[in-house]
Structure formats: structure tokens, C-alpha cells
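The values are calculated or read from the model by the stated rules, or taken from the named source; none is laboratory data. Predicted, not measured: the structure shown is a model, and the values here were computed from it. Note that we place each Cβ from the backbone using ideal geometry, even for glycine, and neighbour counts take in every protein chain shown.
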Amino acid sequence: MPVETPIADVAHVIQLSVAPVFLLTAVGSILGVLSTRLGRIVDRSRVLLERLEGLEGPRRAEMQEELDMLFRRRHLVNVAIGCGVGAALLVAGVIVAAFVGFILGWRVSAPIAILFIGAMLFIVGALLVFLREVMLAALAVRRPTAARSPPQAR
């Protein structure tokens with residue numbers, strides 16, 4: 001039976017940390033998508049707010065309705081980002097706990113399991129809220145009315 005050296009022990013802890021690191025990368029990618037969506041929502045809101053100032057009547061009401069939808073979407077994206085950041089912090093906690101437990105010789109399997117379950121719950125929350133935001137965005141796309149519809153191709 002080979003004698004384990006401290007280097008082999010550290011290598012084993014690093015091997016165990018690889019999966020959470022990949023998870024952290026995936027969460028980072030999700031956060032990138034969410035921040036891009038947030039940026040587009042904010043940019044569109046700014047454009048509408050500038051145009052809204054001098055308008056009256058039905059066009060103003062349409063723009064206000066779109067702004068309201070954008071504000072709801074912005075809130076959902078913010079919640080999803082919060083969940084994603086929470087997940088990333090918990091995954092980082094899993095990695096830290098694994099190394100601290102190794103260095104100090106503590107049994108950290110229960111805290112690691114709890115952190116990992118928490119991270120998964122946050123990821124599920126982020127994805128569900130993201131799905132809701134995407135569904136709202138899809139609902140916001142309207143069919144053109146007869147007055148605004150483009151000419152039909154023949």
C-alpha cells in the first residue's frame with residue numbers, strides 16, 4: 001500500500017474542488033447573461049423616458065405601459081442576479097471549507113453538503129426567475145396593429 005504524502009493529500013483536495021470550480025464558472029456565465037439583459041433593459045428604459053417627456057395621448061400610454069413592463073423585468077433580473085451571486089458565494093464557500101477542513105483536520109462534510117445544497121437552491125431560484133423574466137419579455141412583443149403593420153409581401 002503506497003504511503004500518502006501531504007502533496008498527495010493536497011492534490012486530492014484539489015481534485016475534489018474541481019467540480020465546484022466548474023459550477024462557479026457556470027454560475028459566472030449565467031450572471032453574464034443576466035447582466036447583459038439588465039443592461040439592455042436599462043438602456044431601453046432610458047430611451048423611453050427621454051421620449052416620454054413631450055408626448056400626450058395614446059402613444060404616451062403605450063410607452064408608459066412598455067416602461068412598466070421594463071421595470072418589472074428589471075426587478076426580476078435583479079432578483080435573479082442576487083440569487084446567482086448568492087449561489088456563487090456558497091460554491092466558493094464549499095471550496096474554502098474543503099481546504100480549511102483539510103488544513104485544520106476538521107470534519108467538514110456536513111457544512112460542505114449544506115453549502116452545496118444552498119448553492120443549488122439559489123441556482124434553481126435564479127433560473128426560475130430568469131425564466132419568468134424571459135416569459136415577460138416574450139409577452140411584451142406585440143403583433144403589429146393594422147395601423148402600424150408593415151406591408152404584406154405578395
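A few points about this structure:
- Complete set of residues in segment 115-134 that are surrounded by fewer than 15 Cβ atoms within 10 Å (Cβ to Cβ) and more than 30 Å from residue 41 (Cβ to Cβ): 117
- Residue satisfying all of: in segment 59-116; modelled with pLDDT of 95 or more and either in contact with a Cys (Cβ under 6 Å, 6 or more places away or on another chain) or among the aromatic types (Phe, Trp, Tyr) (or both); farthest from residue 24 (Cα to Cα) among these: 71
- The number of residues in segment 31-57 that are surrounded by 11 or more Cβ atoms within 10 Å (Cβ to Cβ) and in a loop (DSSP other than H, G, I, E, B) comes to 1.
- For the residues 28, 86, the requirement of being free of Cβ contacts under 8 Å to residues at least 60 places away in the same chain, in contact with a helix residue (DSSP H, G or I) (Cβ under 9 Å, 6 or more places away or on another chain), part of a helix (DSSP H, G or I) and closer than 20 Å to residue 116 by Cβ singles out 86.
- Residue selected from segment 58-98 under the condition of a type in the set (Asp, Glu) and surrounded by fewer than 15 Cβ atoms within 10 Å (Cβ to Cβ), by the criterion nearest to the chain's Cα centre (by Cα): 68
- Selected residue (criterion: surrounded by the fewest Cβ atoms within 10 Å (Cβ to Cβ)) from residues of segment 99-114 that are in a helix (DSSP H, G or I) and among the small types (Gly, Ala, Ser): 110
- Unique match (being more than 27 Å from the chain's Cα centre (by Cα) and closer than 30 Å to residue 135 by Cβ) among 51, 44, 37: 51
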